[in-house]
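The values are calculated or read from the model by the stated rules, or taken from the named source; none is laboratory data. In this text, all values refer to a predicted model and were calculated from it rather than measured experimentally. Quick reminder, even Gly has a Cβ in these numbers, built from the backbone with ideal geometry, and neighbours come from all protein chains shown. Surface areas here come from the heavy atoms of the whole protein model, side chains and all, with no ligands, DNA or RNA. Shrake-Rupley method; radii C 1.70, N 1.55, O 1.52, S 1.80 Å.
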Amino acid sequence: MGKVIFVGAGPGDPELITIKGSMAIAEADRIIYAGSLVNPALLELAKPGTPVHDSSVLTLEQVIELIENAVHSGEKVVRLHTGDPSIYGAIQEQIVALESKGIDYSIIPGVSSVFAAAASIKKEFTLPGISQTLILTRLAGRTPVPEQEDLKSLAKHRTSMAIFLSIQDIGSVVSALLEGYSKDTPVAVVYRASWKDEQVIRGTLETIKEQVKEAGIRKQAQILVGDFLGSQFERSKLYDPSFSHEYREGTLSGKVLT
Ligand code: SAH
């Protein structure tokens, strides 16, 4: 009996897969990948002649059937998901099916596009005095969002926020966010973070809708919102010269950065 390894492919740049993930691809007997977002360059890590299947044209039942046949012939199957598999990866339904059939599996995490987007714009989501919370969310689409997580109510917390799967309806995103954030709150849209054709748009809740329309971005983008994108914040306590902790004795004579 073979096994299944769910692998986070990372956000796009093939160098952003983990070493463990790339080794799993190199050792795979079969690969099922989410063709709409996974960089096909990653498939070049596989042994020559390894069968590959694009799951974007398959149903859950077909994916499970493929896996079942493969593991019964002793194959090691890599199921490659974009970014990190735990975020909008639709892996739980596969896990349940594999468990019901007694098929062994494991999961290798990946770099989510939310972190690739933050890296592209060189920002930190959790700034002292600004926000210590990051909300990852989306607009309801064909997949509903529970009422208590409606974007309007999440906006009231004015945390740092990353919105997936929603750029096609930037107008609704902006009007929901304005229920909590002020109209001059900074917004960054990162299209295809870490890919060669990555694009970054910076604006505010007042301007971003027009900017996105003008750029013609309708998919594969992160919408990042919050004052973490601005320039105001307090320095960290962790590296403050007067602050003692387990690894360092505080002193007041350290040079204070401005
Ligand atoms: N598991 C993935 C998310 C899959 S859902 C992850 O961890 O990143 C697909 C959504 O992710 C897209 O609609 C888009 O909002 C976002 N996304 C995926 N790849 C992206 C990239 N390279 N740049 C920006 N957003 C991306």
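Report, in debye and to the nearest 20, how large the dipole of the chain comes out about its Cα centre when Lys and Arg carry +1 and Asp and Glu carry -1 on their Cβ.
Working: 26 positive and 31 negative charges, 107 e Å.
Roughly 520 debye, rounded to the nearest 20.
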Exercise for review: Only Cα pairs under 8 Å and at least 6 apart count here; give the relative contact order of the chain as a rounded whole percent.
Suggested key: 18 percent
Check your understanding: Rounded to the nearest whole Å², what accessible area per residue is found for the chain with the 1.4 Å probe?
Key -> 55 Å²
Practice item. Rank these by accessible area, largest first, 1.4 Å probe: ARG202, ARG30, ARG142, ARG235. Key: ARG142, ARG202, ARG235, ARG30
Review point. Which FRET efficiency value, to the nearest 0.05, is calculated for GLU68 and ARG142 with the Förster distance at 25 angstrom and r the Cβ-Cβ distance?
Key: 0.40
**Study point:** Normalised contact order of the range 3-77, rounded percent, pairs of Cα under 8 Å and 6 or more residues apart
**Key:** 39 percent
Practice item. Would you work out what percent of the accessible area of the range 37-93, with all protein chains in place, is carbon or sulfur (probe 1.4 Å)? Key: 53 percent
Practice item. Determine how large the accessible area of MET23 is when every protein chain is in place; take a 1.4 Å probe and give Å² rounded to the nearest 10. Key: 100 Å²
Practice item. Please compute the net charge surrounding GLU206, taking Lys and Arg as +1 and Asp and Glu as -1 over other residues with Cβ under 11 Å from its Cβ. Key: 0
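What fraction of the DSSP beta bridges in the chain is antiparallel, stated in percent and rounded to the nearest 5? Walk me through the numbers before you get to the answer.
Values: 17 of 39 bridges.
Percent antiparallel among DSSP bridges in the chain is about 45.
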Practice item. Starting from the Cα gyration tensor of the range 25-101, take the square roots of the eigenvalues, sort them a ≥ b ≥ c, and report rounded, prolate or oblate (rounded when a/c is under 1.5, otherwise prolate if a/b is larger than b/c, else oblate). Key: oblate
Review point. What ranking, highest mean first, results for peptides 76-88, 37-49 when packing means the other Cβ atoms within 10 Å averaged over each residue?
Key: 76-88, 37-49
Check your understanding: For the residue pair TYR239 and LYS3, what label-to-label distance in nm results when each label sits 7 Å from Cα along the Cα-to-beta-carbon direction?
Key -> 4.0 nm
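For the range 113-229, what relative contact order do you get, as a whole percent, if you take Cα pairs closer than 8 Å and at least 6 residues apart? Before the final figure, lay out the partial values.
Working: 214 pairs, mean separation 36.6, N = 117.
Result for the range 113-229 is 31 percent.
Which GluC sites (Glu not before Pro) in the range 101-188 pass both tests, a DSSP loop state and at most 16 other beta-carbon atoms within 10 Å? Could the numbers behind the result be given before it?
Values: sites: GLU124, GLU147, GLU149, GLU179; in loops: GLU124, GLU179.
When the GluC sites (Glu not before Pro) of the range 101-188 are filtered for loop state and at most 16 Cβ neighbours within 10 Å, GLU124, GLU179 remain.
Considering only protein heavy atoms and a 1.4 Å probe, what is the carbon-and-sulfur percentage of the accessible area of the range 131-251?
Numbers: 3490 of 7190 Å².
After summing per-atom areas, the C and S share lands at 49 percent.
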Review point. Considering the dipole of the range 3-108 built from charges on the beta carbon (Lys and Arg +1, Asp and Glu -1) around the Cα centre, which of VAL77, ALA41, SER55 is farthest to its positive end?
Key: VAL77
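Quick one: net charge of PRO51's neighbours, Cβ under 10 Å, K/R +1, D/E -1? Walk me through the numbers on the way to the answer.
Numbers: positive: ARG30; negative: ASP29, GLU75.
The answer is -1.
So in the range 3-108, what percent of DSSP beta bridges are antiparallel if you round to the nearest 5? Write out the running numbers ahead of the final one.
Numbers: 1 of 18 bridges.
Roughly 5 percent of the DSSP beta bridges within the range 3-108 come out antiparallel.
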